[in-house]
1. Lys and Arg at +1, Asp and Glu at -1: add these up for the other residues within a Cβ distance under 14 Å of R40 and post the number.
2. Give the aspartates and glutamates reachable from K88 as a straight Cα distance under 18 Å; neighbours fewer than 8 places away on the same chain don't count.
3. By a straight-distance test (C-alpha under 12 Å), which aspartates and glutamates pair with K71 as possible cross-link partners, with residues fewer than eight away in the same chain excluded?
4. Among the aspartates and glutamates, select those whose C-alpha is under 17 Å from the C-alpha of K30, and discard any that sit fewer than 8 residues away in the same chain.
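Throughout, read-outs are computed from the coordinates displayed, never taken from laboratory work. None of the values given here were measured: they were computed from a predicted structure. Every residue, glycine among them, receives a Cβ derived from its backbone with ideal geometry; neighbour counts consider all protein chains shown.
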Amino acid sequence: MAVFKMKQDDEWKRNYILEFNDMRDNYEYKLQLKDVEIERLKSEILRLRDSKNTLKPRDKQISDRDIQLIKDLRVCKLSYSEISKRTKWSKATVSRVLNGLYD
């Protein structure tokens, strides 16, 4: 009987090791897939960052003269939209000027 029990113990260990190795191989394979996905996402981020750099900021900066003109037009009771149309500056810029951002 002792030989049979020893054979069962050895079989259990062998099966356990095989299952463990299969599990480890599966885990390593999934890690490799994740690494490939991470590298793909990194290259996509770089591509998007490079394409974003093609956009150029507005060259024209608002001058002191334009700032004063916007303020003068507001004193004359013109709306932000009317000031924007006359000065060719956006309503957002007009708002920034009138709220003191450029002072």
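1. Local net charge: -1.
2. Those aspartates and glutamates meeting the cut-off are D59, D64, D66, D72.
3. D103
4. Within the straight-line cut-off, K30 pairs with E19, D22, E39.
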